[in-house]
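Everything on this sheet refers to the single structure shown next.
The values are calculated or read from the model by the stated rules, or taken from the named source; none is laboratory data. The structure presented is a predicted model; accordingly, all values stated were derived computationally and were not measured. Ideal geometry is used to build each Cβ from the backbone, glycine not excepted, and the neighbour counts take in all protein chains shown. Just the protein is used for accessible areas: all its heavy atoms, side chains included, with ligands, DNA and RNA removed. Shrake-Rupley method; radii C 1.70, N 1.55, O 1.52, S 1.80 Å.
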Amino acid sequence: MSVPPGSIIVSDWHRFPDSREFFSRILHNKKRRKFGLLEAPMMPPHMNVDIVRYKVFISGKTGVGKSALAARLAGLDFPKMHYETTGIETTVVFWPVRLKESGRVLFFRFELWDCGESAIRRFDHMLPSCKEQVDAILFLFSFTDRGSFDDLSNQITRITESSDRVVKLVVGTKFDLFMHTDVTESDVTHFQEVWGLPIFRVGGDVSAGLGEIAPLLNALAENLWHQDCMAASSVSISTPAALRETDSEIIV
Amino acid sequence: MLQAETLQLLCLTSTSGVPLFSRGSAKQLPFSIIGSLNGVHMFGAGHGAQLMSCETDRGSRVVWGVFQESLMLIAVSCGGGPAISELQLSRLLENVWNCMVLVLGQDELANMRNVERLKRELRSCYRLIDLLLERVSDEQGFMGDLTQCADCLLLSNSGLLQEALDSFTQAAESEFGCLLVHGRVAQATEKWWSRLSSQEVVVLSVLVHSLSGASSCDYPVFLPQGSPTVAIRLLSFQLLPGVHVCVLCGPKPSLYKAENELIGRFWSTFVENLRSCLEQAKHSTLPPSVSLRWDIQALLLINRESRRAVTVCPRVRSGAPSEATPLLSSGRRLELLRLFYTFAMTRYFNPQEASVSSALTTSEDFSQGFTHVPVQCYLVTDECKCYGLQSSQHQLFLLMDLSVPTFALRTVATQTLSAITAATGF
Ligand SMILES: Nc1nc2c(ncn2[C@@H]2O[C@H](COP(=O)(O)OP(=O)(O)O)[C@@H](O)[C@H]2O)c(=O)[nH]1
Ligand SMILES: [Mg+2]
């Protein structure tokens with residue numbers, strides 16, 4: 001079950017002036033800053049901003065737009081051409097979030113795992129590797145491909161077990177091609193009711209800025225934080241950040 | 001992107017001539033022409049002749065290659081674009097084949113039971129093939145696809161990074177590790193050079209470069225010579241934007257483990273060193289301690305033993321007198337360098353490497369008449385002067401200003417060679 005948006009974190013925080021100094025750390029020349037694995041956004045040490053790391057697996061059939069979504073969320077150039085992803089590729093995305101109750105700011109570090117379907121089929125170690133220590137799974141379908149929508153429930157049951165402690169979100173891609181849409185509004189509503197999972201819509205120009213990706217990234221952050229809080233309270237640790245290895249990395 | 005319009009690559013089954021894919025040129029060749037290209041090759045084969053290449057008087061060229069007796073690759077370049085030599089096209093075919101093996105493995109390619117399935121699987125290779133097609137007229141100074149030597153970046157102070165790479169590689173349960181900066185090899189473990197073939201090193205560099213957007217990756221790869229039927233894993237990590245470290249390994253460690261347990265441990269203390277590599281790479285593939293004469297327009301230096309190469313194409317000329325003619329565009333200089341390399345290799349230096357590729361056919365009679373191997377050659381054109389020299393260890397190809405007197409070319413070339421090797425140990 002997912003957490004209602006805005007119940008734990010400040011939604012649309014990127015629109016508020018007090019977020020500017022945090023978002024400026026993930027931007028460079030009005031575009032998204034690229035981070036190497038040895039880097040992270042730098043905040044003045046006295047501000048004491050923790051980085052919390054999560055692994056997110058992007059699942060969906062070939063061509064639905066997994067690689068494009070990873071690029072979109074990271075603000076990288078969009079793959080114009082469809083090339084098969086013939087192995088696992090990960091993309092790191094930093095995202096600042098303000099917790100509602102305490103007012104505390106955290107940098108979420110999502111590592112998005114993307115693996116082509118044929119690689120999963122041909123090599124046995126791919127899927128287990130994507131699922132190792134995974135915190136969240138994004139299930140993708142494309143608004144232009146009815147089959148990918150119909151296959152969603154299959155996909156969810158195939159990849160996850162009910163005992164898994166993972167956040168699950170559904171993302172519909174290519175929403176910009178609404179002229180060709182194969183999936184209607186009522187299909188979407190019906191699915192959300194049956195599965196209790198929210199569906200996010202993405203598509204269109206990447207240059208649309210943070211507003212376009214904020215709802216999805218905020219929902220990821222909120223649900224992951226909630227999941228950690230639940231786990232922490234069951235083992236009675238006061239803050240989930242303590243569960244997460246935080247700043248072993250270098251700051252830029 | 002002129003190349004995309006003038007260069008086309010076709011792949012067919014060699015026995016029945018069924019088209020499997022075509023890449024490159026936006027305008028596809030008509031089916032009838034593809035059929036004829038296959039037909040003439042078959043006709044030759046039926047008469048015991050192997051058709052390898054042909055050329056029109058307007059500069060168009062076709063090169064054929066059959067691999068593993070199962071697939072035929074045909075490269076077609078049309079006149080009007082930048083000049084592409086026959087050597088370059090046949091190397092292109094070899095590289096494309098090697099990339100196909102790299103991604104799919106030899107069994108998949110040799111096994112023709114199901115053509116439709118093979119067509120589908122071959123799509124996985126498009127990213128690398130398209131990159132190789134772009135490299136034919138590359139303007140960033142990559143030459144490995146032509147020279148079959150790894151494109152390198154020479155660092156001034158590399159001892160520390162070598163140690164870091166060696167211990168990281170070992171911790172990842174591997175002996176094959178490599179550090180790349182913007183697609184050029186800056187450092188590699190001993191086995192990377194000694195046990196991988198140069199073709200493998202070249203296609204692996206291309207693969208890592210093609211993944212440059214990712215933070216890390218785990219790619220199953222087949223090594224065209226070393227492991228064509230059993231996949232091993234290429235793990236690659238983007239330490240800083242533009243800096244990748246990669247290892248070839250077996251089932252362990254998992255990508256997650258390697259990234260979370262090894263990257264920080266082995267590399268976090270080297271952030272500043274890596275940053276200075278990036279800084280150097282911005283200016284040159286040579287360390288700042290090497291200063292070239294201002295009248296050198298471009299150069300390609302090859303270490304023949306380790307099959308490494310460094311290409312230099314200065315962006316500005318420092319120290320040039322005010323009356324000096326402006327530099328040619330870097331795209332043009334690199335094109336000239338590729339042409340001069342091909343010229344010198346096929347006519348004079350004639351190394352085994354080039355003849356193995358069976359690329360050299362028509363222009364060979366001349367050098368066959370020699371009983372000795374030429375070690376130096378030069379060429380004067382209306383754009384620049386070129387000088388090539390080879391020793392048992394090195395080959396140097398140099399493009400110089402027209403203002404350099406022809407009699408001085410040799411001195412400049414030998415001095416340049418010793419200046420670079422003395423400063424870098426290359
Ligand atoms: N118009 C539009 N095209 C998209 C979108 N997402 C992906 N694509 C295109 O769909 C194709 C397949 O996307 P890709 O991410 O490579 O698919 P994958 O196989 O799931 O990784 C590419 O040509 C993308 O440019 C989107 O949201 N809108
Ligand atoms: Mg993909």
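Looking at the range B:116-144, which of its residues are of a type in the set (Val, Ile, Thr) and within 14 Å of chain A (Cβ to nearest Cβ)?
Passing the criteria: only B:ILE129.
With the condition kept exactly as written, say whether any residue in the range B:394-417 is assigned to a strand (DSSP E or B), crowded, with 20+ Cβ neighbours inside 10 Å, of a type in the set (S, T, N, Q) and at pLDDT below 95.
No, there is no match, as no residue in the range B:394-417 is assigned to a strand (DSSP E or B), crowded, with 20+ Cβ neighbours inside 10 Å, of a type in the set (S, T, N, Q) and at pLDDT below 95.
Does the range B:384-393 hold any residues that are in contact with a strand residue (DSSP E or B) (Cβ under 9 Å, 6 or more places away or on another chain) and either of a type in the set (Phe, Trp, Tyr) or open to solvent by 50 Å² or more (accessible area, probe 1.4 Å) (or both), and which are they?
Scanning the range B:384-393 gives B:TYR387, B:GLN393.
Return the total of residues in the range A:127-144 being surrounded by fewer than 22 Cβ atoms within 10 Å (Cβ to Cβ) and either within 16 Å of ligand 1 (Cβ to nearest atom) or on the phi > 0 side of the Ramachandran plot (or both).
Of the residues in the range A:127-144, 2 are surrounded by fewer than 22 Cβ atoms within 10 Å (Cβ to Cβ) and either within 16 Å of ligand 1 (Cβ to nearest atom) or on the phi > 0 side of the Ramachandran plot (or both).
For A:CYS115, work out the one condition from (1) within 14 Å of another protein chain (Cβ to nearest Cβ); (2) more than 16 Å from ligand 2 (Cβ to nearest atom) it doesn't fulfil.
(2)
Does A:THR85 satisfy being buried (at least 21 other Cβ atoms within 10 Å of the Cβ), assigned to a loop (DSSP other than H, G, I, E, B) and either away from ligand 1 (no atom under 12 Å from the Cβ) or within 13 Å of chain B (Cβ to nearest Cβ) (or both)?
yes
Taking B:LEU327 as the residue in question, decide whether it is farther than 19 Å from B:ALA83 by Cβ, open to solvent by less than 70 Å² (accessible area, probe 1.4 Å), at pLDDT 95 or above and assigned by TED's automatic domain parsing to the domain that holds B:ARG308.
No; evaluated as a whole, the condition is false for this residue.
Residues of the range B:293-309 being open to solvent by less than 10 Å² (accessible area, probe 1.4 Å) and closer than 17 Å to B:MET345 by Cβ, which ones?
Of everything in the range B:293-309, those that are open to solvent by less than 10 Å² (accessible area, probe 1.4 Å) and closer than 17 Å to B:MET345 by Cβ turn out to be B:ALA298, B:LEU299, B:LEU300, B:LEU301, B:ILE302, B:ASN303, B:ALA309.
What is the number of the single condition among (1) out of contact with any Phe, Trp or Tyr (no Cβ under 6 Å at 6 or more places or on another chain); (2) in the same structural domain as B:ALA171 (by TED's automatic domain parsing); (3) outside any strand (DSSP E or B) that B:PRO314 does not meet?
Going through the list (1) out of contact with any Phe, Trp or Tyr (no Cβ under 6 Å at 6 or more places or on another chain); (2) in the same structural domain as B:ALA171 (by TED's automatic domain parsing); (3) outside any strand (DSSP E or B), B:PRO314 breaks only (2).
Which one is farthest from B:VAL103 (Cα to Cα), of the residues in the range B:211-236 that are among the polar types (S, T, N, Q) and open to solvent by 40 Å² or more (accessible area, probe 1.4 Å)?
Applying the first criterion (among the polar types (S, T, N, Q)) to the range B:211-236 yields B:212, B:215-216, B:225, B:227, B:229, B:236.
From what's left, open to solvent by 40 Å² or more (accessible area, probe 1.4 Å): B:212, B:225, B:229.
Values: B:SER212: 17, B:GLN225: 13, B:THR229: 11 Å.
Of everything passing the filter in the range B:211-236, B:SER212 is farthest from B:VAL103 (Cα to Cα).
Run down A:SER19, A:SER11 and say which single residue is farther than 26 Å from B:LEU274 by Cβ and part of a helix (DSSP H, G or I). Give the derivation first.
On the way: A:SER11 fails: part of a helix (DSSP H, G or I).
Only one candidate qualifies: A:SER19.
Can you find even one residue in the range A:121-136 that is touching an Asp or Glu at 6+ places or on another chain (Cβ under 9 Å) and more than 14 Å from chain B (Cβ to nearest Cβ)?
No, that holds for no residue.
Can you go through A:PHE141, A:PHE149, A:PHE200, A:PHE191 and tell me which one is within 16 Å of ligand 2 (Cβ to nearest atom) and either at pLDDT 90 or above or in a helix (DSSP H, G or I) (or both)?
Sole residue among the options that is within 16 Å of ligand 2 (Cβ to nearest atom) and either at pLDDT 90 or above or in a helix (DSSP H, G or I) (or both): A:PHE141.
Only one of (1) touching a helix residue (DSSP H, G or I) at 6+ places or on another chain (Cβ under 7 Å); (2) within 27 Å of A:GLU111 (Cα to Cα) is not met by B:THR229, so which one is it?
Every condition holds for B:THR229 apart from (2).
Filter the range A:52-65 down to the residues that are among the β-branched types (Val, Ile, Thr) and not in a loop (DSSP other than H, G, I, E, B), then identify the one that is farthest from ligand 1 (Cβ to nearest atom).
This residue is A:VAL52.
Inside the range B:1-86, counting only strands (runs of 3 or more DSSP E) that do not spill past its ends, which hold 2 or more residues that are farther than 30 Å from B:ARG333 by Cβ?
Where strands (runs of 3 or more DSSP E) fall fully within the range B:1-86 and carry at least 2 residues being farther than 30 Å from B:ARG333 by Cβ, they are B:7-13, B:19-24, B:61-67, B:71-77.
Quick one: which of B:ARG117, B:ARG123, B:ARG91 is in a helix (DSSP H, G or I), of a type in the set (Lys, Arg) and open to solvent by less than 10 Å² (accessible area, probe 1.4 Å)?
Criteria check complete, one pass: B:ARG91.
Being of a type outside the set (Ser, Thr, Tyr), open to solvent by 50 Å² or more (accessible area, probe 1.4 Å) and more than 14 Å from the chain's Cα centre (by Cα) narrows it down to one residue among B:LEU154, B:LEU165, B:LEU160, B:LEU179; which is it?
On inspection, the qualifying residue turns out to be B:LEU160.
For the range A:66-77, state whether one or more residues are within 16 Å of ligand 2 (Cβ to nearest atom), under 17 Å from the mean Cα position of the chain (by Cα), modelled with pLDDT under 95 and assigned to a loop (DSSP other than H, G, I, E, B).
Yes, some residue in the range A:66-77 is within 16 Å of ligand 2 (Cβ to nearest atom), under 17 Å from the mean Cα position of the chain (by Cα), modelled with pLDDT under 95 and assigned to a loop (DSSP other than H, G, I, E, B).
If a residue has to be facing chain B (nearest Cβ under 9 Å) and open to solvent by 10 Å² or more (accessible area, probe 1.4 Å) to count, how many in the range A:40-61 make the cut?
1
Could you please find all residues in the range A:203-231 being open to solvent by 30 Å² or more (accessible area, probe 1.4 Å) and modelled with pLDDT of 90 or more?
Matches in the range A:203-231: A:PRO215, A:HIS226.
Of the numbered conditions (1) open to solvent by less than 20 Å² (accessible area, probe 1.4 Å); (2) closer than 26 Å to A:LEU38 by Cα; (3) within 11 Å of ligand 1 (Cβ to nearest atom); (4) at pLDDT below 95, A:ASP114 fails exactly one; give the number of that condition.
All conditions pass for A:ASP114, except number (4).
I need the full set of residues from the range A:88-97 which are facing another protein chain (nearest Cβ under 7 Å) and more than 10 Å from ligand 2 (Cβ to nearest atom), in order please.
Going residue by residue through the range A:88-97, those that are facing another protein chain (nearest Cβ under 7 Å) are A:88-92.
Within the range A:88-97, A:ILE88, A:THR90, A:THR91, A:VAL92 meet the criteria.
Kindly provide the set of residues from the range B:234-268 that are more than 19 Å from B:THR189 (Cα to Cα), at the interface with chain A (Cβ under 9 Å from one of its Cβ atoms) and over 26 Å from the mean Cα position of the chain (by Cα), ordered by number.
Answer for the range B:234-268, where residues must be more than 19 Å from B:THR189 (Cα to Cα), at the interface with chain A (Cβ under 9 Å from one of its Cβ atoms) and over 26 Å from the mean Cα position of the chain (by Cα): B:PRO251, B:SER254, B:LEU255, B:TYR256, B:LYS257, B:GLU259, B:ASN260, B:GLY264, B:SER268.
Please go through the range A:88-108 and give me each residue that is open to solvent by 10 Å² or more (accessible area, probe 1.4 Å) and touching a Phe, Trp or Tyr at 6+ places or on another chain (Cβ under 7 Å), ordered by number.
Listed by number, the residues that qualify are A:VAL92, A:ARG98, A:VAL105.
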